[in-house]
């Protein structure tokens, strides 16, 4: 195990201790995980976040074009 | 019902596993997979808090986050393929063209 791995383990363990410790310390107010139907999610996507949905589609389209452009074979 | 702390703990453990993989592994594909694990940990947080507060926005954000992750992986794998063609390696220790 080299120094890099040991430093990574220490950093990740420290992060985990801090996050899990803060989870235990915080007093979460009473409340249960509730079920949200997919119908509500679909309505929210198209009604409240319609523009964002379009932008995400544009981002994915651009990523697809970029991926194809980067991965294409060179013509010789 | 399962309390929210369990979901947050699962998310923290997943994030730590992903961070460990991204920091220590030398194979670029494994690093990409570790980054995806970290993104999914964030998604679990989104969905858990969305259900906890009974607000649908978190789940919508999780959906968008998954879409952005897919786009990121598409570009990442294409860059990887290009790198494999030009440098004939995907070992991160040997890929130093962006280091200074």
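How large is the helix-only mean residue ellipticity at 222 nm for the protein assembly as shown, computed as the sum of -39500 (n - 2.57) over DSSP H runs with n ≥ 4, divided by its residue count, in deg cm²/dmol to the nearest 500?
-26000 deg cm²/dmol
When the scattering of the protein assembly as shown is computed by the Debye formula from its Cα atoms alone, each counted once and equally, what is log10 I(q)/I(0) at q = 0.09, 0.10, 0.17, 0.20 Å⁻¹?
Evaluating at q = 0.09, 0.10, 0.17, 0.20 Å⁻¹ gives log10 I(q)/I(0) of -0.45, -0.54, -1.14, -1.28.
Run the simple label-point estimate for residue B:98 and residue A:52 please: 7 Å along Cα→C-beta, distance reported in nm.
Each label point is offset 7 Å from its Cα along the Cβ direction, giving 2.7 nm.
For chain A, take every pair of Cα atoms, bin their distances at 5 Å starting from 0, and report each bin as a whole percent.
That works out to 3, 10, 7, 8, 8, 8, 14, 20, 12, 6, 2, 1, 0, 0, in percent per bin.
For chain B, what does the relative contact order come out to in percent, with C-alpha contacts under 8 Å and a separation of six or more?
The value is 26 percent.
For residue B:79 and residue B:2, calculate 0.36 nm times their separation in residues minus their Cα-Cα distance, and state this gained length in nm to one decimal.
Taking 0.36 nm per residue and subtracting the Cα distance, the gain is 23.6 nm.
Treating the angle as unsigned and between 0 and 90°, give the value, to the nearest 10°, between the Cα long axis of helix B:28-52 and the longest Cα principal axis of chain B.
Roughly 10 degrees between the two axes.
Could I have the simple spin-label model distance between residue A:23 and residue B:89, label points 7 Å from Cα toward Cβ, reported in nm to one decimal?
Using points 7 Å along Cα→Cβ, the separation is 3.8 nm.
Which whole number of Å³ per residue matches the convex hull of the alpha-carbon atoms in segment B:4-87?
Values: hull volume 4.9 nm³, N = 84.
Value for segment B:4-87: 58 Å³ per residue.
Quick note: the coordinates plus some simple rules give every number you see, no bench work behind them. Note that this is a predicted model, so its numbers are computed, not measured. Neighbour counts run over all protein chains shown; Cβ positions are idealised from the backbone, glycine included.
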